[in-house]
Amino acid sequence: MYVGRFAPSPTGLLHIGSLLTAVASYLDARSREGRWLVRMEDLDPPREMPGAAAAILSALEAFELHWDGEVVYQSKRHHLYAAALARLKAQELVYPCFCSRKTIQAEAQGMGTDGFIYAGHCASLNADMSVCSEKMPAWRLRTGTDITGFTDAIQGYKQQCLSRDVGDFVLLRADGFWAYQLAVVVDDADQGINHVVRGQDLLLSTPRQIYLQQLLGFSQPAYAHLPLLTNTLGQKWSKQTQAPALDLRRRETLLRQVLTYLGQPQAPEVDSLSDLLSWAVQHWQLKRISPQAIATN
Ligand code: GLU
Ligand code: ZN
């Protein structure tokens, strides 16, 4: 059975970009008689906005995007991430890293997909060495020179060589917070997610997630990365670019707008939002979605 999900971070309210992701993942799941789960990615309290999680959920309800089961909160699942890290430690696939930001920057082998490429200063340390230290280390995953590739349902074939393009990456930060990359892989596997439909900004994270799935013996979900919605300056809509809050009185217009961005056919007049969604489920075709970014205003 198809199991999909929407996994917002409660760093701000739902905006047009996150609505697009919610609607697309919902329609893809429902059109395949699948389950659609909601997971709140509240792993980084300093970046969160008080009340955002509840506001996102009530916005989803207002749009008649009803999820299956209980909402899962990553903040309550640290034990699962710790168990996965312990398995990687036992296989010596991770090592403690005591480097300061300064060292990382000074020694970096250039900029990669996700910031500075770690030069491996601490790569010869093993797990035991973290015990003797007073400082809490970050934990990094050893990356290899193999090519990690996958075929995305919207963006086509993508590949990375993790050691060259990203470098050994952090799974647990020195400040004690779990990295998104580990949490998402553990949760997708634990929740039986087999289809991931999400924003294009995460395309570059996918090879890291596939690599982690392979090391942890998890199966690989199918991926579809949606086109990015940008403002007229070509910037991704986000809290930083001041994405306007959605006007919930204009729900039908907003839904129709999102369906147009997704390349779906124009729906007829309807009596209710749920009729509009049912129509969209029946006519949903993932292959109509264009891979290119869409400028909105
Ligand atoms: N929480 C992530 C975000 O809001 C999405 C994670 C995912 O879909 O894998 O950007
Ligand atoms: Zn280090």
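When the stretch 101-118 is examined, which residues are found to be assigned to a loop (DSSP other than H, G, I, E, B), within 16 Å of ligand 2 (Cβ to nearest atom) and touching an Asp or Glu at 6+ places or on another chain (Cβ under 9 Å)? Scanning the stretch 101-118 gives I117, Y118.
Screening S163 with (1) under 21 Å from L60 (Cβ atoms); (2) of a type outside the set (K, R); (3) over 19 Å from the mean Cα position of the chain (by Cα); (4) not in a loop (DSSP other than H, G, I, E, B) gives one miss only, at (1).
Candidates M40, M1: the one that is modelled with pLDDT of 95 or more, in contact with a strand residue (DSSP E or B) (Cβ under 8 Å, 6 or more places away or on another chain), closer than 30 Å to L277 by Cα and crowded, with 20+ Cβ neighbours inside 10 Å is M40. Scanning the stretch 195-217 for residues that are outside any helix (DSSP H, G or I) and surrounded by fewer than 16 Cβ atoms within 10 Å (Cβ to Cβ) yields a single hit, G217.
Residue check: is L125 of a type outside the set (F, W, Y) and either touching a residue at least 40 places away in the same chain (Cβ under 8 Å) or within 30 Å of L27 (Cβ to Cβ) (or both)? In short, no. From the list Q181, Q220, Q257, Q266, the lone residue that is surrounded by fewer than 17 Cβ atoms within 10 Å (Cβ to Cβ) and assigned to a helix (DSSP H, G or I) is Q257. Screening the stretch 1-100 for strands (runs of 3 or more DSSP E) wholly inside it with 1 or more residues that are under 30 Å from F116 (Cα atoms) and within 16 Å of ligand 2 (Cβ to nearest atom) returns the ranges 94-97. For the residues A183, A189, the requirement of being in contact with a helix residue (DSSP H, G or I) (Cβ under 6 Å, 6 or more places away or on another chain), of a type outside the set (D, E) and more than 16 Å from ligand 2 (Cβ to nearest atom) singles out A183.
The values are calculated or read from the model by the stated rules, or taken from the named source; none is laboratory data. All values derive from a computational prediction rather than experimental measurement. Methodologically, a virtual Cβ is constructed for each residue, glycine included, from the backbone with ideal geometry; neighbour enumeration extends over all protein chains shown.
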